[in-house]
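*Asks:* The structure that follows is given in the form of structure tokens.
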Amino acid sequence: MRGAHVASMDQATRGKASNTGLPAPADAAQLEAILAAHADSEGALLPVLHAVQETFGYVPAAAVAPIAEALNLSKAEVTGVVSFYHDFRDAPAGRHVLKLCRAEACQAMGGRGLAERALRRLGIGWGGTTANGALTVEAVYCLGLCAIAPAALLDGEPVARLDGPALDVLCARAEAP
Amino acid sequence: MSRLFLPRDAAALALGAEAVGEAIAREASARGLSVEIVRTGTRGACWLEPLLEAETPAGRIGYGGVSPGDVPGLFEAGLLVGGAHPKRVGRPGDLPWFAGQTRLTFARCGIVDPLSIEDYRAHGGCEGLARAVAMGPEAVLEEIVKSGLRGRGGAGFPAGIKWRTAARADADRKYIVCNADEGDSGTFADRMLMEGDPFLLIEGMAIAGYAVGARQGYVYIRSEYPHAIRTVRAAIERARGAGLLGADIAGSGFGFDIAVRVGAGAYICGEETALLDSLEGKRGVVRAKPPLPAIEGLFGRPTVINNVLTLAAAPWILAHGGAAYAALGAGRSLGTLAVQLAGNVARGGLVEVPFGLSLRALIEEWGGGTASGRPVRAVQVGGPLGAYFPESLLGTPLDYEAFAAAGGMLGHGGVVVFDDSVDMAAQARFAFEFCAAESCGKCTPCRIGAVRGMEAMDRIAAGTEVARNRALIDDLCELMADASLCAMGGLTPNPVASALRHFPEDFRSAAQAAE
Ligand SMILES: Cc1cc2nc3c(=O)[nH]c(=O)nc-3n(C[C@H](O)[C@H](O)[C@H](O)COP(=O)(O)O)c2cc1C
Ligand code: SF4
Ligand code: FES
């Protein structure tokens with residue numbers, strides 16, 4: 001649920017920041033705090049990016065330069081890392097995030113058809129967000145719930161043995177504005 | 001006060017364990033009963049989750065597949081004293097599903113409170129480390145070599161040799177890195193252990209640190225495992241408080257500590273050198289070997305990088321001796337294997353058995369056949385890079401060499417069962433698609449080959465130049481197998497070629513099939 005909370009705070013506060021393309025003063029202070037907290041750890045870039053995304057809901061482009069400077073890296077290095085990993089977003093997600101498993105054990109239990117149907121109903125593709133900004137659906141490859149497939153994480157909480165009706169209920173709950 | 005045990009493993013939570021816990025608390029207070037609910041990991045019978053247990057004079061009595069709606073009836077039936085009820089399964093350990101297993105690594109999982117160091121000690125924890133520091137680093141290396149322990153992450157490399165290499169290397173710092181990226185689909189043993197018995201992993205890493213002279217450890221856990229991340233972090237805190245980690249571990253005068261690092265959704269970061277780059281804060285790109293990580297690993301320092309289960313095997317080996325471990329198993333695959341039975345299977349979960357059991361025995365006796373009740377048609381072993389076996393190969397014993405001889409690989413022990421509704425052409429296409437999505441991009445055969453393979457599969461499905469595209473796939477498989485830098489590109493031909501070889505009827509175009 002934490003992700004959901006962060007994302008909604010994000011929606012409320014983010015508009016101004018992205019207008020200027022620069023972090024608002026309060027955001028800059030939060031970023032400073034994250035960088036200070038990781039000052040002594042070796043190879044800190046991933047932990048820093050995770051913390052930034054947890055705080056802001058995504059990795060704002062304007063955060064790249066301060067991160068690079070603090071970690072003694074080039075901006076290109078930081079951007080390269082952000083783009084390499086599937087987890088890091090360069091724009092906010094919906095208020096809820098459904099990570100739906102696309103891997104083999106879930107396929108063996110009908111996961112492929114289930115996912116296609118849900119995406120069609122929501123009118124989005126993998127990684128897409130519903131028009132009302134409520135729900136983002138992301139692909140994941142295995143959640144370690146392979147003996148009770150098909151499985152998903154909704155805002156970090158596991159759900160399993162999904163079937164059409166169960167997934168519809170989840171999506172409807174998450175989709176509600 | 002009565003005691004109940006309820007798992008909080010992610011699999012149990014996914015099946016509603018939290019709501020069951022709330023229903024129990026409500027019902028108990030409505031009845032004026034004082035009940036303590038101990039939250040455990042899972043014993044691994046995912047098919048029985050949520051598995052609620054009551055402490056009684058006759059032992060712990062289990063109730064399987066409990067839903068919140070069952071709770072009032074369970075209390076009515078005398079849950080707290082193990083009363084009769086349709087969901088009652090008796091003592092879980094007496095079920096053939098558990099009685100037939102040999103639990104060494106997973107002996108405590110599902111039984112203890114994962115974050116109670118007292119529970120851990122009371123169930124034999126910390127004995128391995130105590131013996132290790134009493135015998136000295138050299139003797140520890142000796143025991144691990146003698147045990148025949150091989151890496152559980154997939155490649156099956158002897159752990160003792162790796163540890164010894166790092167121990168002999170001269171450097172200002174050394175590292176122990178635990179590979180908890182567990183990216184293989186169909187696998188969950190690492191997750192289950194981290195959520196159910198995290199002190200075992202910590203103890204194993206401390207033993208490794210002591211043996212090779214490394215003072216810092218990292219556990220690299222995939223971000224898809226939020227519960228495991230929280231549990232391991234909390235366990236590390238408590239292990240420091242209990243002297244299992246810190247400046248003086250187990251009174252040895254040797255200092256060792258561990259930090260958790262979280263992955264970011266990249267399958268390739270399970271490959272050891274990509275993982276090390278990721279830990280250094282870089283893109284997870286595969287490094288050319290040599291140098292071996294044991295000589296030049298994390299930040300250029302000697303590094304032992306092992307899978308969760310490899311490290312978690314060390315405490316048992318130290319406590320009971322390498323020879324006792326080596327007495328189990330078959331051929332050159334010694335000790336026990338944690339098989340993860342998954343996919344379309346009636347009774348899926350974690351089965352720890354000595355190497356050598358046949359795939360068929362596993363699927364039929366433990367798995368109880370498919371969940372759908374339809375015939376088994378294909379079984380993929382060893383994750384997304386593992387081969388698909390047809391029914392005729394189910395006699396293959398679970399053993400590294402036997403699997404290789406049958407054209408497959410055991411990998412991390414994931415077994416994914418498919419029934420006869422599976423479309424093997426779709427599975428082969430997915431193997432290319434997955435490789436294309438997860439390739440680190442360093443070498444061309446993998447980066448480009450996977451995309452071209454996917455396109456060729458689509459053309460076959462559409463009935464366009466089927467023979468030519470099949471030949472193209474054969475060429476691509478050969479090229480990827482021969483010229484890829486790592487096993488991501490190198491083994492993607494496994495699922496593709498095995499699907500083509502064993503299930504050719506699925507690769508005729510729709511047009512051909514209609515003829
Ligand atoms: C593409 C790829 C993915 C891998 N993923 C994992 C993984 O998720 N977990 C793991 O322990 N090993 C994984 N490995 C194997 C590691 O490279 C390495 O062999 C292992 O961490 C060594 O530890 P072990 O000897 O204890 O198995 C992977 C290898 C490749 C090529
Ligand atoms: S085979 Fe693929 S994943 Fe491995 S190094 Fe080459 S491009 Fe990277
Ligand atoms: S394959 Fe879907 S949870 Fe593992």
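*Asks:* So, with a 1.4 angstrom probe, what is the percent of accessible area on the range A:68-177 that is carbon and sulfur? Kindly include the intermediate steps, with their values, before the conclusion.
*Replies:* Details: 2420 of 4550 Å².
The C+S portion of the solvent-accessible surface of the range A:68-177 is 53 percent.
*Asks:* When all protein chains stay in place, what accessible area (Å², nearest 10, 1.4 Å probe) is found for B:K87?
*Replies:* Roughly 60 Å² of B:K87 is accessible to a 1.4 Å probe.
*Asks:* In the neighborhood of B:G251, defined by Cβ-to-Cβ distances under 15 Å, what is the net charge if each Lys or Arg adds +1 and each Asp or Glu adds -1? Write out the running numbers ahead of the final one.
*Replies:* Numbers: positive: B:R121, B:R131, B:R240; negative: B:E127, B:E203, B:D248.
Charge balance in the 15 Å sphere: 0.
*Asks:* Given N residues in chain B, what is its alpha carbon radius of gyration divided by 2.2 N^0.38 Å? Let's see the in-between values first.
*Replies:* On the way: Rg = 23.8 Å, N = 515, 2.2 N^0.38 = 23.6 Å.
Compactness ratio reported: 1.01.
*Asks:* Return an integer: the convex hull volume of the alpha-carbon atoms of the protein assembly as shown, in Å³ per residue.
*Replies:* On the way: hull volume 113.4 nm³, N = 692.
Taking the convex hull of the Cα positions in the protein assembly as shown, it is 164 Å³ per residue.
*Asks:* Same structure again: For the range B:211-271, what mean projected area does the convex hull of the alpha carbons give, in nm²?
*Replies:* Numbers: hull surface 18.8 nm².
If I average the Cα hull's projected area over directions, I get 4.7 nm².
*Asks:* State the three equivalent ellipsoid semi-axes of the range B:332-419, derived from the C-alpha gyration tensor as the square roots of 5 times its eigenvalues, in descending order and whole Å. Spell out each step's value before the answer.
*Replies:* On the way: eigenvalues 71, 39, 23 Å².
The three semi-axes for the range B:332-419 are 19, 14, 11 Å.
*Asks:* Ignoring ligands, DNA and RNA, what accessible area per residue does the range B:424-514 give at 1.4 Å, in Å²?
*Replies:* Numbers: 3880 Å² over 91 residues.
Per-residue accessible area for the range B:424-514 comes out at 43 Å².
*Asks:* Can you list the residues of the range A:120-143 whose accessible area drops by at least 50 Å² going from the chain on its own to the full set of protein chains, with a 1.4 Å probe?
*Replies:* At a threshold of 50 Å² (probe 1.4 Å), the residues of the range A:120-143 that become less exposed are A:Y141, A:C142.
*Asks:* What does the accessible area per residue of the range B:156-235 come to in Å², with a 1.4 Å probe and no ligands, DNA or RNA counted? Before the final figure, lay out each step's value.
*Replies:* On the way: 1890 Å² over 80 residues.
Value returned for the range B:156-235: 24 Å² of accessible area per residue.
*Asks:* Restricted to Cα positions, what overall size does the range B:2-95 have along the principal axes? Three whole-Å values, descending.
*Replies:* Computed over the range B:2-95, the largest-to-smallest principal extents equal 32, 26, 21 Å.
*Asks:* To continue, here is another question. For an R0 of 45 angstrom, estimate the FRET efficiency from the Cβ-Cβ distance between A:K75 and B:A139 and round to the nearest 0.05.
*Replies:* On the way: r = 51 Å, r/R0 = 1.13.
Once rounded, the FRET efficiency stands at 0.30.
*Asks:* Same structure again: Using only alpha carbons, build the gyration tensor for the range B:117-326 and give me the equivalent ellipsoid semi-axes, biggest first, whole Å.
*Replies:* Details: eigenvalues 109, 79, 52 Å².
So the equivalent ellipsoid measures 23, 20, 16 Å along its semi-axes.
*Asks:* Using only the alpha carbons, work out the radius of gyration and Dmax of the range A:72-177 in angstrom.
*Replies:* Cα only, the range A:72-177: 15.0, 51 Å (Rg, Dmax).
*Asks:* Still on this structure: Indicate the residues belonging to the range B:222-245 that lose 50 Å² or more of solvent-accessible heavy-atom surface (probe 1.4 Å) upon moving from the chain alone to the assembly of all protein chains, ignoring ligands and nucleic acids.
*Replies:* B:E224
*Asks:* Would you give the gap between the C-alpha center of the range B:193-230 and the C-alpha center of the range A:31-101, rounded to a whole Å?
*Replies:* 24 Å
*Asks:* Now, a different point. For every other residue with a beta carbon closer than 14 angstrom to the beta carbon of B:Q101, add +1 if it is Lys or Arg and -1 if Asp or Glu, then tell me the sum. Intermediate values should be presented prior to the final figure.
*Replies:* Working: positive: B:R43, B:R103, B:R108, B:R347; negative: B:D94, B:E352, B:E365.
That sum, taken over residues with Cβ under 14 Å, equals +1.
*Asks:* Which percent of the Cα-Cα distances in the range B:368-446 go past 18 Å? Mind showing how you got there, number by number?
*Replies:* On the way: 1486 of 3081 pairs.
When all Cα pairs of the range B:368-446 are counted, 48 percent exceed 18 Å.
*Asks:* Which residues' amide hydrogens lie under 5 Å from the amide hydrogen of B:G217, considering only partners 5 or more residues apart or on another chain, with H built in the peptide plane?
*Replies:* Hits under the 5 Å cutoff: B:I176, B:D257, B:I258, B:A259.
*Asks:* Using a 1.4 angstrom probe on heavy atoms only, work out the carbon and sulfur share of the accessible area of chain B in %. Intermediate results must be reported in sequence, preceding the final value.
*Replies:* Numbers: 9330 of 17500 Å².
On chain B, the fraction of accessible area on carbon and sulfur atoms equals 53 percent.
*Asks:* How long are the semi-axes of the ellipsoid equivalent to the range B:424-514, from square roots of 5 times the Cα gyration tensor eigenvalues, in whole Å, largest first?
*Replies:* Details: eigenvalues 103, 27, 23 Å².
Working from the Cα gyration tensor, I get semi-axes of 23, 12, 11 Å.
*Asks:* Accessible area per residue of the range B:332-419 at 1.4 Å probe, in Å²? Walk me through the intermediate numbers first.
*Replies:* Values: 2260 Å² over 88 residues.
I get 26 Å² per residue for the range B:332-419.
*Asks:* Still on this structure, please answer the following. Would you list the P(r) distribution for chain A, with all Cα-Cα distances sorted into 5 Å bins from 0 and each bin expressed as a whole %?
*Replies:* Cα pair-distance distribution for chain A, in percent: 1, 8, 16, 18, 16, 14, 11, 8, 6, 1, 0.
*Asks:* Quote the total accessible area buried by chains A and B together, excluding ligands, DNA and RNA, probe 1.4 Å, nearest 100 Å². Each step should come with its number before you reach the end.
*Replies:* Numbers: alone 9810 and 19240 Å², together 25370 Å².
The buried area between A and B, both sides summed, comes to about 3700 Å².
*Asks:* I'd like the residues of the range B:249-266 whose 1.4 Å-probe accessible area shrinks by no less than 30 Å² going from the isolated chain to the full set of protein chains.
*Replies:* With the partner chains in place, the range B:249-266 has these residues losing at least 30 Å²: B:R261, B:V262, B:A264, B:G265.
*Asks:* Given the pairs B:K146/B:K174; B:K174/B:K289; B:K174/B:K282; A:K99/B:K442, which span a C-alpha to C-alpha distance of over 26 angstrom in this model? Walk me through the intermediate numbers first.
*Replies:* Details: B:K146/B:K174 23 Å; B:K174/B:K289 19 Å; B:K174/B:K282 20 Å; A:K99/B:K442 28 Å.
From B:K146/B:K174; B:K174/B:K289; B:K174/B:K282; A:K99/B:K442, over 26 Å: A:K99/B:K442.
*Asks:* Given 37 °C and 0.692 mPa s, how large is the Stokes-Einstein diffusion coefficient of the range B:82-163 in µm²/s, with Rh as the Kirkwood radius over Cα pairs? Don't skip to the end; give the middle numbers.
*Replies:* Values: Rh = 16.0 Å.
For the chosen part, D equals 205 µm²/s.
*Asks:* Now for a separate question. As an exercise, find the ratio Rg/Rh for the range B:268-394 from alpha-carbon atoms, using the Kirkwood inverse-distance average for Rh. Don't skip to the end; give the middle numbers.
*Replies:* Details: Rg = 18.6 Å, Rh = 17.5 Å.
Ratio value, two decimals: 1.06.
The values are calculated or read from the model by the stated rules, or taken from the named source; none is laboratory data. From a predicted model like this one, the values you see are computed outputs, not experimental measurements. Cβ: placed from backbone, ideal geometry, glycine included. Neighbour counts: every protein chain shown. Protein only, heavy atoms only, side chains kept; ligands, DNA and RNA dropped before computing areas. Shrake-Rupley method; radii C 1.70, N 1.55, O 1.52, S 1.80 Å.
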